[in-house]
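Beneath this line is the structure, given in structure tokens, with notes to follow.
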Amino acid sequence: GKQWYQRRVRGTIVTILNDDDYQTLITRVANLTSVNLDKLVIGKESWKQQFEEALSVNGGQLEEAETIDFVLHFLTFGWKVLFACVPPAHMASGWLCFCVSLGCIGVVTALIGDLATVLGLLIGLKDSVTAITLVALGTSLPDTFASKVAAINEDSADAAIGNVTGSNSVNVFLGLGIPWLIATIYKAFTYKSGDKRSRFVVDDKSLPFAIALYSITAILTLLLLTWRRYSVKAGKAELGGDKTVARISSLFCLGMWFTYVICASLYAYEIISFD
């Protein structure tokens, strides 16, 4: 019986079947583990690389550095080190980078706005002129760079144009609404109801003209974007397309900005009047 059993076992064929579902599960787990590990490694290397590039001229590529690179590195060294502290986008699904970047932008914008206001007082500009020139330029630079990066890296113009319109919406609805609300509440609780000081009044004769002029230029800009969307020569796109048309569009927008600043400034100094 024992010999028969041994011969029987030797003649047995074992067939191993592959479980496709189980194999798929193992593959997904392995891929997810690999991706998570890669994110951790890239995050650490990116943060270290940020400081290395911030402390080095031309990102460490000294062989390709020119004189202007050394000058810019000297002038922007503090800012480069400061913004190198911003966590990489791989950490916390990008939320940590977003919050820290938003705080840094707010600090820089407030600093530039205060410096522009002081400069306007030193050179004798009116508050309304300082606001539409120095302060507006200083506080709009971060938005300008963000729109430029979005226009270059994104496939569509939604991010670039949406950033501009969204930024202006925040400036109007929050930048004006919240301070005015706080000032109104403060005056209402500080002074008695019969006191004139209990009312928060904004008295600026040039404000209606500036708003009307801005509305006209904004409508013209929207008409330009609409024309570019449906124009074959413009590539049926708000941005890009034919270089000649793109340059003309840029000059048109730049000309409207100069027109707005000049006309609003002349009206503020009462050189021109519509009374």
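Annotations for the structure displayed:
- Of all residues in region 38-67, those that are modelled with pLDDT under 70 and open to solvent by 100 Å² or more (accessible area, probe 1.4 Å) total 4.
- When we screen D155, D114, D203 for residues that are over 30 Å from G240 (Cβ atoms) and at pLDDT below 80, the only hit is D203.
- Single unsatisfied condition, F83 versus (1) modelled with pLDDT of 80 or more; (2) exposed (fewer than 14 other Cβ atoms within 10 Å of the Cβ): (2)
- Qualifying residue in region 126-149 (condition: outside any helix (DSSP H, G or I) and at pLDDT 80 or above): yes
- Residue selection: A234 satisfies the criterion of being surrounded by 14 or more Cβ atoms within 10 Å (Cβ to Cβ), of a type in the set (A, V, I, L, M) and not in a helix (DSSP H, G or I).
- Annotation: N163 fulfils all but one of (1) under 13 Å from the mean Cα position of the chain (by Cα); (2) part of a loop (DSSP other than H, G, I, E, B); the unmet one is (2).
- Only residues that are closer than 25 Å to T139 by Cβ and out of contact with any Phe, Trp or Tyr (no Cβ under 7 Å at 6 or more places or on another chain) were counted in region 47-93, giving 14.
- Subset of region 80-93 that is among the small types (G, A, S) and over 15 Å from the mean Cα position of the chain (by Cα) - its residue that is nearest to K48 (Cα to Cα): A84
- Long-range neighbours under 8 Å by Cβ, at least six apart or interchain, first residue over 21 Å from A136 (Cβ atoms) within region 176-188, second open to solvent by 80 Å² or more (accessible area, probe 1.4 Å) and part of a helix (DSSP H, G or I): K187/R197
- Odd one out for G255 among (1) over 27 Å from D155 (Cβ atoms); (2) open to solvent by less than 70 Å² (accessible area, probe 1.4 Å); (3) in contact (Cβ under 8 Å) with a residue 24 or more places away in the chain: (3)
- Search result, residues across region 182-230 that are closer than 29 Å to G255 by Cα, open to solvent by 80 Å² or more (accessible area, probe 1.4 Å) and assigned to a helix (DSSP H, G or I): P208, I211, Y214, I216, I219, L222, L223, W227, R229, Y230
- Selection within region 145-164 - polar (S, T, N, Q) and either in contact with a Cys (Cβ under 9 Å, 6 or more places away or on another chain) or open to solvent by 80 Å² or more (accessible area, probe 1.4 Å) (or both): N153
- Condition check for A157: among the aliphatic types (A, V, I, L, M) and in contact (Cβ under 8 Å) with a residue 24 or more places away in the chain: yes
The values are calculated or read from the model by the stated rules, or taken from the named source; none is laboratory data. Everything quoted here is computed from the prediction, not taken from an experiment. Please note: Cβ atoms are built from the backbone with ideal geometry, for glycine as well, and neighbour counts cover all protein chains shown. For the accessible areas, the whole protein counts, side chains as well, though only heavy atoms, and no ligand, DNA or RNA atoms are used. Shrake-Rupley method; radii C 1.70, N 1.55, O 1.52, S 1.80 Å.
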